[in-house]
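Inspection log for the structure reproduced underneath, given as structure tokens.
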Amino acid sequence: MINRKSVSEIFTYGDYCQWSDGERWELIHGTAYAMTAPSRIHQKVVLELGRQISNFLQGKPCEPYIAPFDVRLPQKNEVDEEINTVVQPDISVICDPQKLDDKGCRGAPDWIIEILSPSTAFKDMDTKRTLYESHGVREYWLIHPIELWGMVYLLNNEGFYGVPHMFQLENETKVSIFPELQINWQFLS
């Protein structure tokens with residue numbers, strides 16, 4: 001069995017594919033991060049957002065996926081087994097069908113939503129934000145289901161996230177890459 005607790009070892013997708021199906025991990029630049037079971041409110045938010053997004057995208061070319069769903073983020077053109085970054089965003093929306101295969105997604109989704117929890121908040125707000133920006137995720141949402149706020153990062157023309165837009169989880173929030181989609185937060189009240 002591979003010891004994923006070693007801080008000096010760099011792992012790849014080839015290693016990741018050999019680990020037990022009963023465990024959930026993410027790899028970021030070769031470092032393995034264990035994933036814990038999400039809370040009930042976390043699951044409620046993922047399910048409802050997934051439902052709203054899926055209903056909106058019905059009959060459109062973009063497809064939503066909820067975790068666990070592997071998103072491989074290659075540095076260049078390395079083969080899958082050599083990729084050292086594999087994440088499982090809570091919700092991923094992919095508009096390029098060429099990025100989808102039986103393993104999940106290879107390349108940046110167009111829109112990623114992460115629901116914050118105490119064990120992952122810093123990683124989602126810092127490490128993953130930087131990662132998603134560098135790989136070209138067009139829109140990145142962070143949702144805090146307990147304090148009822150959200151934050152949206154949009155990729156600008158230079159390929160960077162600008163200052164995030166913050167909002168309260170009340171009424172509706174417009175999605176920038178799908179202007180006709182508005183997320184309704186009434187399910188949280």
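The values are calculated or read from the model by the stated rules, or taken from the named source; none is laboratory data. Everything quoted here is computed from the prediction, not taken from an experiment. In this analysis, Cβ positions are derived from the backbone assuming ideal geometry, glycine residues included, and neighbour counts consider all displayed protein chains. Quick note on the areas: whole protein, heavy atoms, side chains included, nothing else; ligands and nucleic acids left out. Shrake-Rupley method; radii C 1.70, N 1.55, O 1.52, S 1.80 Å.
Data table
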read-out: Point-charge dipole on Cβ atoms (K/R +1, D/E -1) for the chain, about Cα centre, debye to 20; value: 260
read-out: Dipole-positive endmost among I53, V87, Y16 within the chain (Cβ charges, Cα centre); value: I53
read-out: Rounded to the nearest 10 Å², the accessible area of T12 at probe 1.4 Å; value: 40
read-out: Lone cysteines, the chain (no partner Cβ under 4.7 Å); value: C17, C105
read-out: Rounded to the nearest 10 Å², the accessible area of C17 at probe 1.4 Å; value: 80
read-out: Acute angle (nearest 10 degrees) that the helix 40-57 long axis makes with the longest principal axis of the chain, alpha-carbon atoms; value: 70
read-out: Rounded to the nearest 10 Å², the accessible area of Y13 at probe 1.4 Å; value: 10
read-out: Correct option for mean projected area of the Cα convex hull in nm² [calculated from the coordinates] among [x] 16.0; [y] 11.2; [z] 12.3; value: [y]
read-out: For L116, net neighbour charge (Lys/Arg +1, Asp/Glu -1) across residues whose Cβ lies under 13 Å away; value: -2
read-out: Average accessible surface area per residue within the chain, 1.4 Å rolling probe, Å²; value: 53
read-out: Accessible heavy-atom area order of I41, I143, highest first, probe of 1.4 Å; value: I41, I143
read-out: Three-way shape call for the range 26-96 based on the alpha-carbon gyration tensor, with the a/c threshold at 1.5; value: oblate
read-out: Qualifying GluC sites (Glu not before Pro) for the range 16-63 [loop in DSSP, other Cβ within 10 Å: at most 10]; value: E23
read-out: Carbon and sulfur %, accessible surface of the range 1-157 computed with the full protein complex present, 1.4 Å; value: 52
read-out: Residue-averaged 222 nm ellipticity for the chain, from DSSP H runs of 4+ at -39500 (n - 2.57), nearest 500; value: -4500 deg cm²/dmol
read-out: Spatially proximal lysines relative to K174 (Cα-Cα < 28 Å; intrachain offsets below 8 disregarded); value: K44, K60, K99, K123, K128
read-out: About the Cα centre, charge dipole magnitude for the range 1-103 (Lys/Arg +1, Asp/Glu -1 at Cβ), debye; value: 480
read-out: Positive-end extreme of charge dipole, the range 112-189 - chosen from W149, L188, T130 (charges on Cβ); value: T130
